[in-house]
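Encoded as C-alpha cells, the structure appears first; notes follow it.
Derivation of every value follows stated rules applied to the coordinates shown; laboratory data play no part. All values reported here derive from a predicted model rather than from experimental measurement.
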Amino acid sequence: QTLTALRLTLDLGAAAARDQARSLTDQALREVRQVLVDLRPPLLEDEGLAAALDNELAQRRALYPGVRLKLDVEAELLAQRWPGHVEYALFMIAREGLENALRHANPTEVRLSLYGFADEVELGVADDGSGLADGFERCPGHFGLIGMRERARVIGATLTLGPRAGGGTQLTLRWHTPQ
C-alpha cells in the first residue's frame, strides 16, 4: 500500500510531492525491514533457537495475557546450534504451532519444548485447549499445517500432530543429522 501511494505521489510531480514521496519511501523501508525481521528474526541467527523461541513467547505474552506460555529447554541446549536451515524450519514450525494453538484452541497454557543433542533435536508444541476435531486434516484450508509439514519434509524431519494426553493438542517435530 505504501509503495502504491509512493508511485501515485511521484506521478503528481509537484515539489510538495517530493517531500511526501521521501516520507512514503522511509515508511516503505521500515515496513519491508519489519517483514524481513518477521521472516527471519535476527535473534535466531545471532543467539540460536532457544533464545529466539524464548523471545517469541515473550512477544506473545503481551498479546495473550490470560494464557501461560512456557519454554522447556535443557540448560545445555541454550547455546546449542544446529544447521541454519534446520533452526529456521524449527523456529517457523514452532511459531505456526504456537499461533494455531492460541488462535484456535482457546488454551490456558501452551508449552514449547526443546530437547536433543548436537546431531538431533525434538521440538514440541503442546496446549491444553479444545483439541483437534475428528477428520481435521480432511477439511479444506489448514495452510499452516501444510506449511509445517513441508518445512519438516525439506529438512528430513518427522512431524506428528494429534491429541495430547489430558486434553489439547501435541505437535512434535524430530530431526537428526542424516546418516
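Per-residue extension of 0.36 nm, minus the Cα-Cα distance of D46 and T158, leaves a gain of 37.7 nm for this segment. Report, please, the projected area of region 57-179 averaged over directions, based on the convex hull of its C-alpha atoms, in nm². It is 8.0 nm². Across region 79-91, computed HN-Hα scalar couplings (Karplus, 6.51 cos²θ - 1.76 cosθ + 1.60, θ = phi - 60°) run 9, 5, 10, 10, x, x, 5, 6, 4, 4, 4, 4, 4 Hz from first to last residue, x flagging Gly and Pro.
Taking a ≥ b ≥ c as the square roots of the Cα gyration tensor eigenvalues, region 73-120 comes out oblate, since a/c reaches at least 1.5 and a/b does not exceed b/c.
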